[in-house]
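Quick note: the coordinates plus some simple rules give every number you see, no bench work behind them. Everything numeric in this text was worked out from a predicted model, so none of it was measured. When we count neighbours, we look across all protein chains shown, and the Cβ atoms used for this are built from the backbone with ideal geometry, even at glycine.
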Amino acid sequence: MIVDLVQRGGGIGGTMAIVGKAKGWWTWLAVLAVVAAVVALVVWAFLAGGKLDERLERISWISGGLLGAGVLVVGTVRWAWRRSGRLGAAAPTEDILAQAKKLLADLVKQQWQQEERLRSLADPDPIPVRWRTPDAAEVMDHAINIDPSAAPPGGPAGEPARLWWTASSADIGALADRFRRTRRRRLVILGGPGTGKTTLAMQLLLHLLADRDHHPGEPVPVLLPVAGWDTRRHPRLQDWIADRLTSDYPALRAPELGAQVASALAWRGHILPVLDGLDELPPPVQTAVITALNRSLGGDDQLILTSRTTEFTAAISAAGDVITSAAVLEPLPLTPAAAADYLTRCLPPSPGPAWQHTLTALRATPPADQTRPGQTRPGQARRPAAALADLTTTPLGLWLVRTVYTEPGAD
């Protein structure tokens, strides 16, 4: 019977349409069935014999029980109708999905361009953080699983092939091109506190959005705090993304887009999730997220994930697996010379003698990687620039110096 209904209805979609059309008479049928049952039992109770007060008491008990049962039945039927309505919603067409993607891309771009202005990323340019693949091979998948041009494992000496990347926050276009050339476009951005992980993810997101005209088929990057993902409620990443799209971007709930557009965007690979802050979760949940990611990601699903290095390393160790096909980047400390050059560009052309002296001393300070652990920089005791160099090894420290001390009137 069900097969016949599907065939006559033109498949599952047609069947759901039939169910939707039947809602009107199903409502009245359920109500009439409850009323008929009440009337029949009342008549039976009255004719069953006994004194009048016994009959009335029996009718009262039966009517109360049936009324409660009727409310339960009607409530259950209404829930089933709403459920069937969601299931029976027409799947979005390709034109609708293209319209929804453009709308979402515009909203995401506007959202993060505002954040870019608040962080002064383009004033005058982003801080030039250098990035590279980590020395610890255990945090990243096999090179051949990431880069199709990589040599297969097991070279002449039996050593597995290594993937070596370098990148710079000052040249986000080059990183985007490298990201696009990877096998599945998956990237994990690691680093310590204040090293620019979220900023790099945001830069990459904005560049991919700005370049969409040259890559019209690409998914829309959407930045989400991974701390909001409850893997018990949403075991699959796509279901959680669909919920977040619906709640975070109300424009996607427009009637003309259809009720299923957010789900279709998430499940058909039209979203590039940029998941920020794995380290903000408790350790057991971090592990659960790693496991859920690998279960959710299919062959063409893309991903960008940020985390502090220590927490990510512990999470993949506990999960017993890395993120499949994901390249990994971590930052190098900013050198004193790079910090001085950046501050120079943020200052007026004639910053004054104090700043000129400070910048000259900062450029003369050796980088942190040229001193052994525990060793002070040469002349550190009599060089205030050494303390400034230590502060500006991270983008956060450099940004604070720029924000606090380059303002007019700052000492």
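Descriptive notes on the structure:
- Theoretical gain in end-to-end length, residue 344 to residue 122 [0.36 nm per residue, Cα-Cα removed]: 78.4 nm
- The range 220-370 - share of DSSP beta bridges that are antiparallel (%, nearest 5): 0
- Farthest positive-ward along the range 94-331 dipole, Cα basis, beta-carbon charges - from 298, 282, 172: 298
- Relative contact order [Cα under 8 Å, 6+ residues apart], the range 94-331, whole percent: 30
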